[in-house]
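There's a structure below that I have some questions on.
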Amino acid sequence: DAGVTQSPTHLIKTRGQQVTLRCSPKSGHDTVSWYQQALGQGPQFIFQYYEEEERQRGNFPDRFSGHQFPNYSSELNVNALLLGDSALYLCASSFFGNQPQHFGDGTRLSIL
Amino acid sequence: AQSVTQLDSQVPVFEEAPVELRCNYSSSVSVYLFWYVQYPNQGLQLLLKYLSGSTLVKGINGFEAEFNKSQTSFHLRKPSVHISDTAEYFCAVNPQGGSEKLVFGKGTKLTVNP
């Protein structure tokens with residue numbers, strides 16, 4: 001039973017660039033949530049996707065956007081990268097309306 | 001809105017000693033409660049969860065936690081730790097019947113020394 005998978009594992013970008021991170025949910029799960037974990041901090045909720053729509057959003061600017069595909073996989077896009085966007089980006093999946101959420105190993109994004 | 005406070009940022013203990021990692025939360029509604037563990041360069045793994053029922057919850061790797069509604073606490077305990085328990089531990093809450101987002105504490109770094 002495949003768990004949550006994320007790609008790539010590491011990414012290095014420069015300020016002003018754009019990045020796309022990818023997530024495949026655990027088998028059977030239909031809901032994907034994205035979190036940002038800065039160094040030494042707990043994860044912060046970015047947004048959640050269900051039925052290919054953004055259902056809920058945290059306190060992140062519009063530079064952060066996403067998408068969910070019919071097979072429930074998801075992408076996180078970040079435009080106009082800032083140094084402060086350097087973090088571990090975690091994807092979590094679940095059945096809609098149910099807990100717990102299952103997390104992937106994350107994508108480590110470094111901005112130079 | 002919900003918030004989580006993990007009272008200790010670092011907890012050093014010796015192998016085979018007991019440990020307690022403290023978590024307090026704030027919420028105006030009933031919540032679900034979770035503990036996750038994060039090993040270096042990995043994502044979050046669910047240790048245990050409180051959704052309803054018995055306030056004493058048992059999880060994986062010998063960990064347990066007790067939900068105390070009056071104290072708004074959900075402390076994590078293990079009677080005898082191993083070197084392999086060295087990791088970052090996160091407490092999280094989620095409001096019942098509403099938003100599905102998890103609100104996390106800042107984490108507690110548990111270091112088990114030989």
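Can you list residue pairs whose Cβ atoms sit under 8 Å apart, with the first residue in the stretch A:49-74 being touching a residue at least 40 places away in the same chain (Cβ under 8 Å) and the second being among the basic types (Lys, Arg) and not in a loop (DSSP other than H, G, I, E, B)? Count only pairs 6 or more apart in sequence or on different chains.
A:Ser73/A:Arg22; A:Ser74/A:Arg22
Please work out which residue is surrounded by the most Cβ atoms within 10 Å (Cβ to Cβ), limiting yourself to the stretch A:56-91 and to residues that are facing another protein chain (nearest Cβ under 8 Å) and closer than 17 Å to A:His29 by Cβ.
A:Leu90
Mind telling me which of the residues B:Phe34, B:Phe67 ends up being away from chain A (no Cβ under 13 Å) and either part of a strand (DSSP E or B) or touching a Cys at 6+ places or on another chain (Cβ under 6 Å) (or both)?
Exactly one residue qualifies, and that residue is B:Phe67.
A follow-up question, please. Under 9 Å between Cβ atoms, at least 6 apart or on separate chains: pull out the pairs that start in the stretch B:1-25 with a residue that is modelled with pLDDT under 95 and end on any residue that is surrounded by 17 or more Cβ atoms within 10 Å (Cβ to Cβ) and of a type in the set (Phe, Trp, Tyr).
Within 9 Å, the pairs are B:Gln2/B:Tyr25; B:Ser3/B:Tyr25.
Next question. Can you tell me which residue among B:Lys106, B:Lys49 is surrounded by fewer than 17 Cβ atoms within 10 Å (Cβ to Cβ) and facing another protein chain (nearest Cβ under 10 Å)?
That would be B:Lys106, the only listed residue that is surrounded by fewer than 17 Cβ atoms within 10 Å (Cβ to Cβ) and facing another protein chain (nearest Cβ under 10 Å).
Might you check whether a residue that is in contact with an Asp or Glu (Cβ under 8 Å, 6 or more places away or on another chain) and basic (Lys, Arg) occurs anywhere in the stretch B:29-52?
Looking through the stretch B:29-52, none of the residues is in contact with an Asp or Glu (Cβ under 8 Å, 6 or more places away or on another chain) and basic (Lys, Arg).
The values are calculated or read from the model by the stated rules, or taken from the named source; none is laboratory data. Quick caveat, the model's predicted, so the values are computed rather than measured. Positions of Cβ are generated from backbone atoms using ideal geometry, with glycine treated the same way; all protein chains shown enter the neighbour counts.
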